[in-house]
Amino acid sequence: MSNKFKLIIRTPEKEVFSGEVESIYVSTDLGDTEIHPNHSSIGAAISYSPIILNISKDLKIEFIIKRGMFSFSNDKNEALLMAYSAQKREEIDFDSAKEYLKYILEKLESGKYEDAGSFTFKFLEDEKIALIKEFDLD
């Protein structure tokens with residue numbers, strides 16, 4: 001049995017990561033989980049999550065994922081994470097995150113989302129909660 005598995009992280013613009021990892025921590029809509037080699041097959045949605053790639057004992061890489069799907073294939077011992085956005089934590093512009101939170105709060109307070117239905121309201125609420133939780137923006 002291998003002590004690593006292949007992981008690919010893609011956004012619509014590019015392949016953000018492709019390589020062997022020892023494990024990945026991800027927070028999905030079903031809850032937090034850590035995937036190791038030969039994990040059972042799984043598929044889950046991600047709203048907004050930090051993910052931690054354990055490349056080796058001494059090397060970890062952290063990304064912030066926005067809107068995506070994660071799957072792990074036990075047969076292939078590989079994972080695929082497709083996301084709207086994937087940025088290394090150290091590359092995130094926190095001023096942009098604050099501006100995005102301001103935009104979300106304005107939309108929620110204005111009530112203009114109501115014509116689009118409850119999905120839009122839930123989306124905006126989820127984005128607000130995720131930004132506040134992840135970046136301590138309030």
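The values are calculated or read from the model by the stated rules, or taken from the named source; none is laboratory data. For clarity, every value in this text was computed on a predicted model and none was experimentally measured. When we count neighbours, we look across all protein chains shown, and the Cβ atoms used for this are built from the backbone with ideal geometry, even at glycine.
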* Say we look at segment 22-57 and pick out the residues that are modelled with pLDDT of 95 or more and touching a Pro at 6+ places or on another chain (Cβ under 9 Å); which of these is farthest from residue 129 (Cα to Cα)? -> 22
* Restricting to segment 38-72, what's the tally of residues that are free of Cβ contacts under 8 Å to residues at least 24 places away in the same chain, surrounded by 15 or more Cβ atoms within 10 Å (Cβ to Cβ) and outside any strand (DSSP E or B)? -> 0
* Structure fact -> Across (1) without any contact (Cβ under 8 Å) to a residue 60 or more places away in the chain; (2) assigned to a strand (DSSP E or B), residue 16 clears everything bar (1)
* (1) more than 13 Å from the chain's Cα centre (by Cα); (2) in a strand (DSSP E or B); (3) acidic (Asp, Glu): which one isn't true of residue 75, the others all being true? -> (2)
* Structure fact -> Just one listed residue, out of 91, 15, is under 16 Å from the mean Cα position of the chain (by Cα), surrounded by fewer than 13 Cβ atoms within 10 Å (Cβ to Cβ), of a type outside the set (Val, Ile, Thr) and at pLDDT 85 or above, and it is 15
* **Near pairs, Cβ below 8 angstrom, 6+ apart or cross-chain, from segment 75-87 (more than 13 Å from residue 7 (Cα to Cα) and in contact (Cβ under 8 Å) with a residue 24 or more places away in the chain) to any residue that is of a type in the set (Gly, Ala, Ser) and crowded, with 20+ Cβ neighbours inside 10 Å** => 83/68; 84/68; 86/68
